[in-house]
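K.L.:
Okay, handing you the structure first.
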Amino acid sequence: MSTTVATPDAGRQAAALGHWKDAYAYYATVDADALTAPDLEAYAESAWWTCRADQAIELRERAFTGYLAAQEPL
């Protein structure tokens, strides 16, 4: 039996279209280590718009840390 590994591409596309529920669902299936700072930011936005404020804040903090590590402060 083969397993499919989710990638952030579907989440990126859904977030770009403002389809927050879909974006959240896609990002939730992706390995957290595969997410870039912009992915985490989009994931946070999708969490926010789907009424997951605590998770949105946590994801934004992770995105901020990722941006700092990449020397790309906002």
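K.L.:
Taking the condition of being of a type in the set (A, V, I, L, M, F, W, C) and open to solvent by 40 Å² or more (accessible area, probe 1.4 Å), how many residues in the stretch 26-66 meet it?
P.N.:
Residues that pass the stated criteria total 9.
K.L.:
Same structure again: Take the stretch 47-65 and flag every residue that is over 12 Å from the mean Cα position of the chain (by Cα) and either of a type in the set (K, R) or not in a helix (DSSP H, G or I) (or both).
P.N.:
Passing the criteria: T50, C51, R52.
K.L.:
Still on this model: Could you list, ordered by first residue, the pairs with Cβ atoms under 7 Å in which the first is in the stretch 60-74 and under 14 Å from D33 (Cα atoms) and the second is aliphatic (A, V, I, L, M), at least 6 apart or interchain?
P.N.:
R62/L40; A63/A37; A63/L40; A63/A44; G66/A37; G66/L40
The values are calculated or read from the model by the stated rules, or taken from the named source; none is laboratory data. What you are looking at is a predicted structure, and each value in this text was computed from that prediction instead of being measured. Cβ atoms come from the backbone with ideal geometry, glycine included; neighbour counts cover every protein chain shown. The protein model used for the area step is the full one, side chains on, heavy atoms only, and it has no ligands, DNA or RNA in it. Shrake-Rupley method; radii C 1.70, N 1.55, O 1.52, S 1.80 Å.
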